[in-house]
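Enquirer: Pasting in a structure now, in structure tokens, and then I'll have a few things to ask.
Read-outs throughout are calculated quantities, based only on the coordinates presented, and are distinct from any laboratory measurement. Model, not experiment: these values are computed from the prediction. With ideal geometry, Cβ positions are generated from the backbone for all residues, glycine too; neighbour counts draw on all protein chains shown.
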Amino acid sequence: MKKLYIAVLSALVLGISPKMMSQNTPEIPNNSFENWTSEGFIIFQYESPTGWQSLSVDIDTFGIQFSYPISSVNKTTDAQSGTYAAILETKQFDELISSALSSMGNIEFTGLPSIMSIGKINVLSMITDLAGMMNDDMGMESLLQTLLAGDISNYLQGGMPLNGFTPGGLKGHYKYIPGENSTDDAAMILLVGTRYDSGSNRRSVTGLGMSVLEATNNEYQEFEIPYFTLPLGTADSLEIIIFSSQIQNMAIGSKLYIDNLSLSGTNSINSADDSKINCYPNPTIGNITLSISDNSSADVIFYNNVGQKVLEQKDCDNGTIFTLPQSGTYLMVVTQNGHKTVKTIVVK
């Protein structure tokens, strides 16, 4: 199975080389897993590493909405450095989840790896499609290719904004203890670069990285996973998904300890003219004024936090006012004489 995952990735990125290390590398949110947030509802209380999401489903009962964990991620003081690390464990489904899956048809899973990701995974959509493909006796390679060829927003929402940065790889520290009586289980990390295309109104996969993390002794080891850019354009967002087991080889009780993640790569945004470009007020209640110190014109594009283009205007002069109607965080990309400057805008 490990060879199959690597073969799938190799087929997808044939002839494409990973990028090299550079400065201006964005930092992965809560990359050392020191910060944790309480989530859930009444008796369904659990903690998630801040900036990450564990696998859960949204439930609406009698008009009350809450998030129910399918697989949880816990914090541990057994860290590579600092106070905490994240620990993911493969467990059997509880009665509520087993009943829900049974009602969806012939789904053979009795347990699931703990899974955490930066963006949200649409569990119901993914499980439903996976079950249909498995019932059609699709091989794992065909299954993955089918999932990744579609509109990825059906399965993943959000992710880490790249702001012109092209990932080269993911580094970190881990230790892995397979479940009892298991000799073949391993953890897995998947990197998915995506880009929103306003023409087709879909989010497509534009880059991939994948690796398995095999059993270790009781000491942390360093790992590095290369990221490969596909010939479909550069990514505007990166999703990092971490599994405590491989789906087809999972063993109940397998545990993955993960700590201190970092990205390498190159930054395609030239900020040489950054001092000439500004905007105010920021934060704002909706209006943004462009400030260009040398009074030359520039092209301006605003993207929302899922990478969708929400406003574009060419040949903007100093003092041009833009209106962003909804609250949230935006990226303002200003192109002037071939140079790009990126500003983060907060609308209250």
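Enquirer: Enumerate the calculated ³J(HN,Hα) couplings along segment 184-201 in order (Karplus 6.51 cos²θ - 1.76 cosθ + 1.60, θ = phi - 60°), each rounded to whole Hz, writing x wherever the residue is Gly or Pro.
Expert: For segment 184-201, the Karplus curve yields 10, 6, 7, 6, 9, 10, 10, 9, 10, x, 10, 9, 8, 10, 5, x, 8, 6 Hz.
Enquirer: Now a separate question. How much length is gained if the chain between Asn278 and Ser297 is pulled fully straight, taking 0.36 nm per residue apart and subtracting their Cα-Cα distance, in nm to one decimal?
Expert: Length gained between Asn278 and Ser297: 5.5 nm.
Enquirer: Turning to a different aspect of this structure: If R₀ is 35 angstrom, what is the calculated FRET efficiency for the pair Arg202 and Glu224, using the beta carbon separation as r and rounding to 0.05?
Expert: 0.65
Enquirer: Take the residue pairs Lys91/Lys171; Lys175/Lys255; Lys120/Lys255; Lys314/Lys340 and return only those whose Cα atoms are more than 19 Å apart.
Expert: Lys91/Lys171; Lys120/Lys255
Enquirer: For Gln157, what charge total do you get from the other residues with a beta carbon under 11 Å from its beta carbon, if Lys and Arg give +1 and Asp and Glu give -1?
Expert: Charge balance in the 11 Å sphere: +1.
Enquirer: So what is the relative contact order of segment 274-347, in percent, for Cα pairs below 8 Å that sit 6 or more residues apart?
Expert: The normalised contact order for segment 274-347 reaches 33 percent.
Enquirer: 5 Å is the cut-off here: which amide hydrogens, built 1.01 Å from N in the peptide plane, fall below it relative to Lys340, excluding neighbours closer than 5 in sequence?
Expert: Asn270
Enquirer: Additional query: For the pair Lys314/Asn181, report the inter-label distance in nm, with labels modelled 7 Å from Cα in the Cβ direction.
Expert: Simple spin-label model gives 6.7 nm for this pair.
Enquirer: Let me ask something else. Sorted by mean Cβ packing within 10 Å, highest first, what order do the peptides 314-321, 163-170 take?
Expert: The peptides rank, most packed first, as 163-170, 314-321.
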